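Note sheet for the following structure.
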């Protein structure tokens, strides 16, 4: 076989169609950014915050969606694009995953750790002052907080302390905040009138087989899977795929990957029947 036979594959991976099974499996399991409208819009909004000059009250944003809907991939893609712009853009962004059992003091300690700064045993007010100095010295313009809904697991008093700390940091240093989380994160932001006014709240779209963007997304992912035969992405295929992934983007991609690995041994393409078979086989294995 020659690579000219594999026009259904993306040019960057077309040569892998003739590679051995392990090489193709590695390619299938490699994380890939697949462009789709809501994802690109989210990244554009993040860059708008990053590029904005200091203002008295900096705008912020919350992206929310059900778990496994691509929030982490959006963040990683944004950080990668920042790196492509240059070191000064990477250094202007601070990324932090919100911990369970957070307190105001723990927030400051986590921020210092994310800044690779010393985090001594000190009072909350002293740690706050250290965080402000470090953020200002590093020129941080955007703080990204992942899993923001974890704050809702705290007592109301601790929730207010965290929200007030974030407002104070943003106000003092003219820093924007970008939060990512579930519907609980949306309720958290809306519970504070000041944050509710300052944050744009953006819902990432659900998966629906009728949406053209989702069909295009599946086709684009399949172009990066080095199977030797093209897959027909029709209504039946999308219906079965969404059914067995519970319409969750992350599960959908993992199911495509598992089915593609199975297809390496025989079919060399995906089908609704193969998706069904792979799902059934996995359920039987999980149930012993």
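The values are calculated or read from the model by the stated rules, or taken from the named source; none is laboratory data. All of these numbers come straight from a predicted model, not from anything done at the bench. Positions of Cβ are generated from backbone atoms using ideal geometry, with glycine treated the same way; all protein chains shown enter the neighbour counts.
Those residues that are within 26 Å of residue 41 (Cα to Cα) and not in a helix (DSSP H, G or I), I need them from the stretch 151-180; list them, please.
Hits for the stretch 151-180 are 174, 175, 176, 177, 178, 179, 180.
List the residue pairs whose Cβ atoms are under 7 Å apart, where the first residue sits in the stretch 72-101 and is exposed (fewer than 12 other Cβ atoms within 10 Å of the Cβ), the second is modelled with pLDDT of 95 or more, and the two are 6 or more positions apart or on different chains.
100/150
Need the failing condition index for residue 195 against (1) out of contact with any helix residue (DSSP H, G or I) (no Cβ under 8 Å at 6 or more places or on another chain); (2) at pLDDT below 95; (3) part of a helix (DSSP H, G or I); (4) under 24 Å from residue 78 (Cβ atoms), just the number.
(1)
In the stretch 232-254, how many are in a loop (DSSP other than H, G, I, E, B) and more than 26 Å from the chain's Cα centre (by Cα)?
2
Just to be sure, is residue 232 touching a strand residue (DSSP E or B) at 6+ places or on another chain (Cβ under 9 Å) and surrounded by fewer than 17 Cβ atoms within 10 Å (Cβ to Cβ)? So that I can check it myself, show each step before the final result.
Values: touching a strand residue (DSSP E or B) at 6+ places or on another chain (Cβ under 9 Å): no; surrounded by fewer than 17 Cβ atoms within 10 Å (Cβ to Cβ): yes.
Considered against the rule, which asks whether it is touching a strand residue (DSSP E or B) at 6+ places or on another chain (Cβ under 9 Å) and surrounded by fewer than 17 Cβ atoms within 10 Å (Cβ to Cβ), residue 232 comes out as no.
Residues in the stretch 155-171: is at least one in contact with a strand residue (DSSP E or B) (Cβ under 7 Å, 6 or more places away or on another chain), buried (at least 17 other Cβ atoms within 10 Å of the Cβ) and over 30 Å from residue 278 (Cβ atoms)?
yes
Determine which member of the set 31, 51, 41 is surrounded by fewer than 16 Cβ atoms within 10 Å (Cβ to Cβ), in the same structural domain as residue 149 (by TED's automatic domain parsing) and under 14 Å from the mean Cα position of the chain (by Cα).
From the options 31, 51, 41, the qualifying one is 41.
State whether one or more residues within the stretch 233-249 are without any contact (Cβ under 8 Å) to a residue 24 or more places away in the chain and within 14 Å of residue 217 (Cβ to Cβ).
yes
Given the residues 268, 257, 211, 223, which is the only one that is at pLDDT 95 or above, over 27 Å from residue 285 (Cβ atoms) and either surrounded by fewer than 18 Cβ atoms within 10 Å (Cβ to Cβ) or within 23 Å of the chain's Cα centre (by Cα) (or both)? Break it down stepwise before answering.
Values: 268 fails: over 27 Å from residue 285 (Cβ atoms); 257 fails: over 27 Å from residue 285 (Cβ atoms); 211 fails: at pLDDT 95 or above.
Answer to the selection: 223.
Is the stretch 133-143 home to any residue that is free of Cβ contacts under 8 Å to residues at least 12 places away in the same chain and closer than 22 Å to residue 88 by Cβ?
yes
Would you call residue 66 surrounded by 12 or more Cβ atoms within 10 Å (Cβ to Cβ), in contact with a helix residue (DSSP H, G or I) (Cβ under 9 Å, 6 or more places away or on another chain) and assigned to a loop (DSSP other than H, G, I, E, B)?
Taking the combined requirement at face value, the residue satisfies it.
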